[in-house]
Amino acid sequence: MKILAIGAHPDDVELSCFGTLALCVSRGDTVVVCSVTNGNLGHKKLDKETLSLVRMVEGAEASKVIGSSYCTLEIDDMKVDENSDEQILKVVNLIRSVNPEIIITHSENEYHSDHTAVNKLVFKSSHLASIPNYETKNSPITHIPYIIYMDSVEGAPFIGDTWVDISDTFELKMKAIGCHTSQLEGKEEEDYTDLFHIAEATASYRGLMCNARVAEVFKHCDKRRVPTKRLLP
Ligand SMILES: [Zn+2]
């Protein structure tokens, strides 16, 4: 199976679903991770150009840890716009080039405007990708991929319908998160936005809900047809 995971920023997909994606890779799936933005505002000291390069390398390193491919659409931070024809074209081309059965992305209830915009961009673009008269450099796909929403990044209410036990891949997930050095440095001891803390707290809480040590939770997009069999591990 081909799976395309689309997050707004480098590190979002890692935080919300890398344990599951690592399981997907180990069962033989092809996984492509995409950060819509280049993450160029996410640092207090590095300038935008330097930071976007640093974060591209960090994202690629993180994906390498679980055996997925990595790409970015190189849109600037805080500039994701679901009504931009240019951005829709980029997402459609991405979907057409990967031709996934499943797209995993942000739900609509998220703390960051880039996340909620990605939710809408993906919904629209996944439909457009199948329409032959919407012409791009890549050929249209012959189906509309299932969309599965990943857990919210900072604990906003998220009602899931599918839990995945990630006990076997949690270490890999944390190792991948550790690749995002620019997001980890300079944190105070009691700064609970620390990426490791977010990942541990969320995975333990979701594990509590399904009697696993650590877990990730997902919700299928029910605005379209949903699969009759379980697609996630
Ligand atoms: Zn983000």
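The values are calculated or read from the model by the stated rules, or taken from the named source; none is laboratory data. Being a predicted model, the structure only gives us computed values, none of them experimental. In this analysis, Cβ positions are derived from the backbone assuming ideal geometry, glycine residues included, and neighbour counts consider all displayed protein chains. Note: areas computed on protein heavy atoms with side chains; ligands, DNA, RNA excluded. Shrake-Rupley method; radii C 1.70, N 1.55, O 1.52, S 1.80 Å.
Observations on the structure shown:
- Anchor Lys219: aspartates and glutamates whose Cα lies under 16 Å away (excluding residues fewer than 8 positions away in-chain): Glu101, Glu108, Glu110, Asp151, Asp161, Asp165
- Max mean-square fluctuation residue, GNM over the chain, Cα-Cα springs under 10 Å, options Ser125, Ser152, Ser204: Ser204
- Couplings 3J(HN,Hα) for the stretch 218-224, derived from phi with the Karplus relation 6.51 cos²θ - 1.76 cosθ + 1.60 (θ = phi - 60°), are 9, 9, 6, 5, 9, 7, 10 Hz, where x marks Gly and Pro.
- Accessible surface of the chain [probe 1.4 Å, protein heavy atoms]: carbon and sulfur percent: 51 percent
- Charged neighbours of Gly59, selected by a Cβ distance under 12 Å, balance to -4 (K, R count +1; D, E count -1).
- Extension gain, Asp81 to Arg225, is 49.3 nm, computed as 0.36 nm per intervening residue step minus the present C-alpha separation.
- Relative contact order of the stretch 1-133, pairs being alpha-carbon contacts under 8 Å that are 6 or more residues apart, as %: 30 percent
- Amide H contacts of Val153 (H built 1.01 Å from N, under 5 Å, at least 5 apart or other chain): Tyr111
- Here the Karplus relation 6.51 cos²θ - 1.76 cosθ + 1.60, evaluated at θ = phi - 60°, turns the backbone of the stretch 89-99 into coupling constants of 4, 4, 5, 4, 4, 4, 4, 5, 6, 8, 6 Hz, with x for every Gly and Pro.
- The 3J(HN,Hα) values that the Karplus relation (6.51, -1.76, 1.60; θ = phi - 60°) gives for the stretch 25-31 are, in residue order, 4, 6, 8, x, 6, 8, 10 Hz. Gly and Pro appear as x.
- Note on the chain: GNM, Cα springs under 10 Å; of Ala156, Ala176, Ala62, the largest mean-square fluctuation is that of Ala156.
- Among Arg55, Arg27, Arg96: highest mean-square fluctuation, GNM of the chain, C-alpha pairs under 10 Å: Arg27
- Dipole magnitude for the chain: computed about the Cα centre from +1 point charges on Lys and Arg Cβ and -1 point charges on Asp and Glu Cβ, it is near 1100 debye.
- Cα centroid separation - the stretch 1-71 against the stretch 161-223, whole Å: 14 Å
- For the pair Asn133 and Arg27, the difference between a 0.36 nm per residue extended length and the Cα-Cα distance amounts to 34.6 nm.
- Solvent-accessible heavy-atom area per residue, rounded to whole Å², over the chain at 1.4 Å: 48 Å²
- CD proxy at 222 nm, helix term only [per DSSP H run n ≥ 4: -39500 (n - 2.57); per residue of the chain; nearest 500]: -12500 deg cm²/dmol
- Given Lys175/Lys223; Lys2/Lys175; Lys79/Lys229, the pairs whose alpha carbons are separated by over 30 Å: Lys175/Lys223; Lys79/Lys229
- The chain: relative contact order as a whole-number percent, Cα under 8 Å and 6+ apart: 24 percent
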